[in-house]
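Each remark here refers to the structure printed beneath this line.
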Amino acid sequence: AQTVTQSQPEMSVQEAETVTLSCTYDTSENNYYLFWYKQPPSRQMILVIRQEAYKQQNATENRFSVNFQKAAKSFSLKISDSQLGDTAMYFCALRHDYKLSFGAGTTVTVRA
Amino acid sequence: EAQVTQNPRYLITVTGKKLTVTCSQNMNHEYMSWYRQDPGLGLRQIYYSMNVEVTDKGDVPEGYKVSRKEKRNFPLILESPSPNQTSLYFCASRQTGPRFNEKLFFGSGTQLSVL
């Protein structure tokens, strides 16, 4: 079985500042993928960033970056220069083979 | 436009009345899957399909059925809905194999209320 834990139900950040979302996971597999998804009020699921477990280099996508610590089974997301449009719920997810597991989500509010 | 189309977007029904939520993709994806989203629980996988006529259970399959008779369609069937199936449902699809980036495409969601 694989599990994903997001321990921060809500976070608030001032516009232009940085916020880091935590995610830990558990799996017995060695090959897997990790993802962060964004869900704005429109409910659409938007892929923010992905990381292959066999790659040591942390993934980055513009203002979004991850800190992947495989031994610690940790996969945090950093949002730099936060913008009002970043306000959304963020889900951490783990995929092995055809199974995909999500965390409970973290609601991020960016304040003007 | 590449997309996953779910219908309906909103549905209110009563306990025991069979319903089907449709899902269709136009990207020729082999893999399709269904999820339900509940507050405090995130998204949980209900069923998935690796290809036509090949389906398997996810983490919460009880009370649901699926079929994959055609590559583009993957309907979710609730034969006897109960109030605990009130939830936001998502269908998703992706290409499989090492040549593809394996991005998961989501539908717009179906908000189901069972009274």
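The values are calculated or read from the model by the stated rules, or taken from the named source; none is laboratory data. Quick caveat, the model's predicted, so the values are computed rather than measured. As a convention, Cβ positions derive from the backbone with ideal geometry for all residues, glycine included, and neighbour counts pool all protein chains shown. Side chains are part of the model used for accessible areas, which takes the heavy atoms of the whole protein and leaves out ligands, DNA and RNA. Shrake-Rupley method; radii C 1.70, N 1.55, O 1.52, S 1.80 Å.
Counts of other chain beta carbons within 10 angstrom of each beta carbon in peptide A:92-105 average 5. Summed over both chains, the contact between B and A buries some 1900 Å² of accessible surface at a probe radius of 1.4 Å.
Could you please state, rounded to a whole Å, how far the C-alpha centre of the range B:1-42 is from the C-alpha centre of the range A:25-71? Taking the Cα centre of the range A:25-71 as reference, the centre of the range B:1-42 is 24 Å away. Spin-label model, A:Gln83 to B:Lys65: label points 7 Å out along the Cα-to-beta-carbon direction sit 4.7 nm apart. For chain A, the relative contact order is 38 percent, taking Cα pairs closer than 8 Å that sit 6 or more residues apart in sequence and dividing their mean separation by the residue count. Computed from label points 7 Å out along Cα-Cβ, the spacing between A:Glu10 and A:Thr109 is 0.5 nm. Among the lysines of the protein assembly as shown, pairs at least eight places apart or on separate chains and with Cα atoms under 15 Å apart come to 9. Just checking the listed ones, A:Ala59, A:Ala88, A:Ala72: in the Gaussian network model of chain A with Cα springs under 10 Å, the one fluctuating most is A:Ala72. Under the simplified labelling scheme, the A:Glu17-B:Thr22 pair shows an inter-label distance of 4.9 nm, with each label point 7 Å from Cα along Cα→Cβ. Looking at chain B, the accessible area is 48 square angstrom per residue; that uses a 1.4 Å probe and ignores ligands, DNA and RNA.
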